[in-house]
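Undergrad: Pasting in a structure now, in structure tokens, and then I'll have a few things to ask.
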Amino acid sequence: MTALGQFPLASGAKPLFTGNDWDFDTIKRIHDACEAIAGQELGLSWYPNQIEIITAEQMLDAYASIGMPLFYKHWSFGKHFAQHESSYRRGMMGLAYEIVINSNPCISYVMEENTATMQTLVIAHAAFGHNHFFKNNYLFKQWTDADGILDYLDFAKGFITRCEERYGHAAVESVLDAAHALMNQGVHRYPRKKRPDLASEQRRERERAEHGEQVYNDLWRTLPEKIAGARPDVAVERRKALLELPQENLLYFLEKAAPRLRPWQREILRIVRLVAQYFYPQRQTKVMNEGCATYCHYRIMNSLSRKGLIGEAAYLEFLTSHTNVVRQPNYDERGYNGHNPYAIGFAMMQDIARIVEQPTDEDRAWFPDIAGTGDAMATLRDIWANYRDESFIAQFLSPKLMRDMRLFHVVDDPDASELRVEAIHDERGYRKMRRSFARQYDVAWLDPDIEVMDVDLEGDRRLIVHHRALNRITLERDDAKRVLQHLSDLWGYDAVLKEIDPATDEVLAEHQASPRPIFF
């Protein structure tokens, strides 16, 4: 970390601000100064910026609605607001200095209580660091529509409000409760042939209302004669093809195939599904996204100091805040809550820059493609564009950083009486630690592998769902039952969830649910 006072004030330079106070002209000067450094020195590219000043209460409200503007209403958001507000008022939690929206223009919400120095820091962090990552990372390019998300949220809020007025709050709330319970299982994990055009949602709504459920009725009629008379395995394959089975996106399957849902209920499932898909890249890039933004704000703030655009008092305030953000508590400290993504991300970005500019022999052996190439920002921009957390850590976590962070791998086997140290700081241990650490950020391992497998169309229309239990780890029984109940409610018929050992196909557990008469 750069020591305070290392950068002399540039001759003739005028600070952007003095003291803690700021006004909107100050914010504009800060933005323009950060923009010049981000473009000229760091080579970043970003969406146009829109900076909104909000109060503490508005920040709490943004927390409650998962950071999204124009979001629809739901009781869970109010519950979260009350919890956060109570903790904040009692001094048990602080508030984020900013919230940034992946949209075009990119919206950064900053607290009006921030000092001028903190406004500079959060603008560098959000309006340029996060903004660059949103615009350039391949996951966000595949899965999000930055140009259309704000219009879509406006449509979604208006649609759900109209549904509440027409069908009642209780009916809409029941659908939202069920959809939210399935939200993490409501995403496509691989790109599909056609990404939804969010700008056409209103046209789709009108078309869906006009046609009603005609497209779904044929699915439940008697099978065609040539299929009914075919071999059983042919009929099964035909049925699965019609229903796109197996299907990992539960909300998509219900939206398209649930026989008893009405058009407005399907549209609500689609809204929740697209919002879940919008957040899917963010779940996979927490370390990289925060590491990119933190590294960018660190470079920008140091450049402002070198140029004399912020004074020593402001620089000291920045260093204090920055150090608190990237601090990694030890495992035995009271505040320990796992690995700090800001700390991991920032440390890896700095380490990559060191490897590119000042490599050791060890670095050259481990990273021959980037060691000594000389242009740290070009390497980092390429990494920010083409990796996600799991692959980023698996590729670029260095032995030096593992030593600096004192990482080691411990195996906690429930069948063993003692913990076992699996990997230490040696050649084989580094690779084991890196693989194990990277896996902690792999959504394929973190999220349950649940798929709709089949539907008994000729019988009781029971929905059959499988959970592939990796390492024979089954779902928590009570949670599985509650979520399966929501699935059965939306399907309209019985549902069964079988937990399968993928290695042996053994059924480890089975859960069943019947629909409640809340929708129909």
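Undergrad: With a Förster radius of 35 Å, plug the Cβ-Cβ distance of Lys432 and Ala170 into 1/(1 + (r/R0)^6) and report the FRET value to the nearest 0.05.
TA: 0.10
Undergrad: Counting Lys and Arg as +1 and Asp and Glu as -1, what is the net charge of the other residues whose Cβ lies under 15 Å from the Cβ of Val421?
TA: Neighbour charge sum, excluding Val421 itself: -1.
Undergrad: Another question, then. Where does each of Asp151, Asp363 land when they are ranked from fewest to most other beta-carbon atoms within 10 angstrom?
TA: Asp151, Asp363
Undergrad: Taking 8 Å as the Cα distance limit and 6 or more residues as the minimum spacing, I'd like the relative contact order of segment 251-409 as a percentage.
TA: Answer for segment 251-409 is 22 percent.
Undergrad: I need to check one value: relative contact order of segment 327-444, counting alpha carbon pairs closer than 8 Å and at least 6 residues apart, in percent.
TA: 19 percent
Undergrad: Say the cut-off is 24 Å between C-alpha atoms; which of Lys135/Lys432; Lys28/Lys135; Lys141/Lys481; Lys28/Lys307; Lys157/Lys286; Lys307/Lys400 go over it?
TA: Lys135/Lys432; Lys141/Lys481; Lys157/Lys286; Lys307/Lys400
Undergrad: Okay, moving on. Can you order the peptides 500-506, 176-182, 467-473 by their average number of other Cβ atoms within 10 Å per residue, highest first?
TA: Taking the mean over residues of other Cβ atoms within 10 Å, the ranking is 176-182, 467-473, 500-506.
Undergrad: I've got another one for you. Taking K and R as +1 and D and E as -1, what net charge do the other residues with C-beta under 12 Å from the C-beta of Arg477 add up to?
TA: In short, -3.
Undergrad: What does the charge count around Ala371 come to, taking other residues whose C-beta lies under 11 Å from its C-beta (Lys +1, Arg +1, Asp -1, Glu -1)?
TA: Cβ neighbours under 11 Å give a net charge of -3.
Undergrad: I would also like to ask the following. Measure off 7 Å from each Cα along the Cα-to-Cβ vector at Ala13 and Glu57, then give the distance between these two points in nanometres to one decimal.
TA: For Ala13 paired with Glu57, the spin-label model returns 4.1 nm.
Undergrad: If you don't mind, another one. Just round it to a whole percent: the fraction of Cα-Cα distances in segment 327-444 exceeding 19 Å.
TA: Summing the P(r) tail past 19 Å for segment 327-444 gives 52 percent.
Undergrad: Using a simple spin-label model with points 7 Å from Cα along the Cα→Cβ vector, what separation in nm is obtained for Asp147 and Arg420?
TA: About 5.5 nm, to one decimal.
Undergrad: Can you tell me how much longer the chain between Arg516 and Asp23 gets when fully stretched, taken as 0.36 nm per residue apart minus their C-alpha distance, in nm with one decimal?
TA: This chain segment gains 171.9 nm when fully extended.
Undergrad: Using label points projected 7 Å from each Cα along Cα→Cβ, tell me how many nm separate Ala509 and Asp442, to one decimal.
TA: 2.3 nm
A short reminder: the numbers here are calculations on the coordinates, not readings from a lab. Keep in mind it's a predicted model, so treat the numbers as computed, not measured. Here the Cβ is made from the backbone with ideal geometry for all residues, glycine too, and neighbour counts use every protein chain on show.
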